[in-house]
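Peer 1: One structure follows; several queries about it will come next.
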Amino acid sequence: FWAVDKEEPLKHSYPQIMEAAGLLKENEVVAFPTETVYGLGANALSDQAVLKIFEAKGRPSDNPLIVHISKLEQLTELVDNVPESAHKLMEAFWPGPLTLVLPKKEGVSQYVTAGLETLAVRMPDHAVARALIETSGLPLAAPSANLSGKPSPTTAKHVEEDLIHRIAGIVDGGATGVGLESTVVDCTAETPMILRPGGVTKEELEKVVGKVDVDPALFSQVELHKPKSPGMKYTHYAPIAPVYLVEGSASFMEQTIKGAQLKGHKVGLLATDNTIAQIQTTEITAISCGTNNDLATVASKLYDGLRTFNATDVDVIFSETFPRTGVGAAIMNRLEKAAGHKFIKE
Ligand code: TXA
Ligand code: MG
């Protein structure tokens, strides 16, 4: 466990970064902060190192990983035939919460791509992540540093809850910023396609490359379509108690809560301060995820909120819903997965 300075890690936390980078060079796995969520990093060029990631997370082997780089020159050993749209997106959004799916080159561990011909790559906008990539001299394969199925970690404590004793170390750079994972965009298609909504919004992408498609599987409530991003087919982000998305007014939320309490349920509520203030019902465990006019804060608090219920005795969780514009698209995508698409509508 290394506590490091998140602004200038190489200046103020050099020994810690050196030690963590040393373990990465020895093909060990180390968790580290990025601006989205904590990642579980390993040498992307080593089969042995990458397999340790899958083992630690209990991740299905058909779900490929994102490779993290700190400078553009690293791309040459990873991908080939980078299309023009991808160049534009890199220029506009890197470093930042955008992952690009590109044609892969030989040499990258086959386990990183789970046998696919494409590779997902991103340049994180976090000084600690970049210091580790630079100091180790390696491209780092890194999924979110949670056990498979659980909400992604936004603090080192979340990583510890899930993975302590399973990994070589955790670099603690405090809470992450965005709080939801990067947007994944497939640039190998004619029109770039969003495979996973995230920190960079569709609206922002379209300003740079024009029309952007969205994988139709993301709209499918019953998950009939096979998503192009293998990870999107798995249950995800789920607390222990079942989650229901309650769509409607605050008074409808209150009725829904009372109805469940009459049936003997211990109710958890995940909602904005605005909604919580309007709920008069007692004996609920209410967790705030910010205010309803600030979706960026809701994004940053969402996973911590979902995880917090696991430390309570609630047996059902009702969550507020959000508009699907801007970062709201990513928030609703994660909430729908946490809820298994269970809605209660006014
Ligand atoms: O913000 C993030 O992206 C975080 C931080 C740590 O960088 N990482 C992250 O990784 O969320 P992970 O492994 O939890 O999610 C990666 C997603 C999965 O849905 C996976 O299926 C998809 O990216 N993916 C990876 N490689 C792909 C590829 N070649 N084609 C399509 N989807 C891919
Ligand atoms: Mg993940």
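Peer 1: Which of the following residues is in contact (Cβ under 8 Å) with a residue 60 or more places away in the chain, over 29 Å from residue 73 (Cβ atoms) and in contact with a Leu (Cβ under 9 Å, 6 or more places away or on another chain): 139, 151? Full working, then the answer.
Peer 2: Working: 139 fails: over 29 Å from residue 73 (Cβ atoms).
151 is the lone residue from the list that is in contact (Cβ under 8 Å) with a residue 60 or more places away in the chain, over 29 Å from residue 73 (Cβ atoms) and in contact with a Leu (Cβ under 9 Å, 6 or more places away or on another chain).
Peer 1: Restricting attention to region 107-139, and to residues there that are acidic (Asp, Glu) and within 21 Å of residue 95 (Cα to Cα), which single residue is surrounded by the fewest Cβ atoms within 10 Å (Cβ to Cβ)?
Peer 2: 134
Peer 1: Identify the residue in region 22-51 that is part of a helix (DSSP H, G or I) and surrounded by 21 or more Cβ atoms within 10 Å (Cβ to Cβ) and, among all such residues, is nearest to the chain's Cα centre (by Cα).
Peer 2: 50
Peer 1: Restricting the search to region 122-154, which residues are aliphatic (A, V, I, L, M) and under 15 Å from residue 42 (Cβ atoms)?
Peer 2: 129, 132, 133, 138, 140, 141, 142, 145
Peer 1: Now a separate question. Name the residue that is most open to solvent (accessible area, probe 1.4 Å), counting only residues in region 5-21 that are within 24 Å of residue 304 (Cα to Cα) and more than 16 Å from ligand 1 (Cβ to nearest atom). Steps first, answer last, please.
Peer 2: Going residue by residue through region 5-21, those that are within 24 Å of residue 304 (Cα to Cα) are 5-7.
Within this subset, residues satisfying the condition of being more than 16 Å from ligand 1 (Cβ to nearest atom) are 5, 7.
On the way: 5: 51, 7: 133 Å².
Among residues in region 5-21 that are within 24 Å of residue 304 (Cα to Cα) and more than 16 Å from ligand 1 (Cβ to nearest atom), the one most open to solvent (accessible area, probe 1.4 Å) is 7.
Peer 1: Scan region 80-88 and tell me whether some residue there is of a type in the set (Val, Ile, Thr), surrounded by 16 or more Cβ atoms within 10 Å (Cβ to Cβ), more than 10 Å from ligand 1 (Cβ to nearest atom) and outside any loop (DSSP other than H, G, I, E, B).
Peer 2: No, region 80-88 has no match at all.
Peer 1: On to the next question. Kindly indicate whether any position in region 274-282 is under 24 Å from the mean Cα position of the chain (by Cα) and open to solvent by 50 Å² or more (accessible area, probe 1.4 Å).
Peer 2: No, because not a single residue in region 274-282 is under 24 Å from the mean Cα position of the chain (by Cα) and open to solvent by 50 Å² or more (accessible area, probe 1.4 Å).
Peer 1: So if I check each of 184, 212, 178, 208, which one is within 14 Å of ligand 1 (Cβ to nearest atom), among the aliphatic types (A, V, I, L, M), farther than 30 Å from residue 316 by Cα and at pLDDT 95 or above?
Peer 2: One residue alone meets the criteria, 184.
Peer 1: A further question follows. Among the residues of region 153-160, are any surrounded by fewer than 19 Cβ atoms within 10 Å (Cβ to Cβ), at pLDDT 95 or above and either of a type in the set (Asp, Glu) or in contact with a Lys or Arg (Cβ under 8 Å, 6 or more places away or on another chain) (or both)?
Peer 2: There is at least one residue in region 153-160 that is surrounded by fewer than 19 Cβ atoms within 10 Å (Cβ to Cβ), at pLDDT 95 or above and either of a type in the set (Asp, Glu) or in contact with a Lys or Arg (Cβ under 8 Å, 6 or more places away or on another chain) (or both).
The values are calculated or read from the model by the stated rules, or taken from the named source; none is laboratory data. Small disclaimer: the values here were computed from a predicted structure and weren't measured. Methodologically, a virtual Cβ is constructed for each residue, glycine included, from the backbone with ideal geometry; neighbour enumeration extends over all protein chains shown. Protein only, heavy atoms only, side chains kept; ligands, DNA and RNA dropped before computing areas. Shrake-Rupley method; radii C 1.70, N 1.55, O 1.52, S 1.80 Å.
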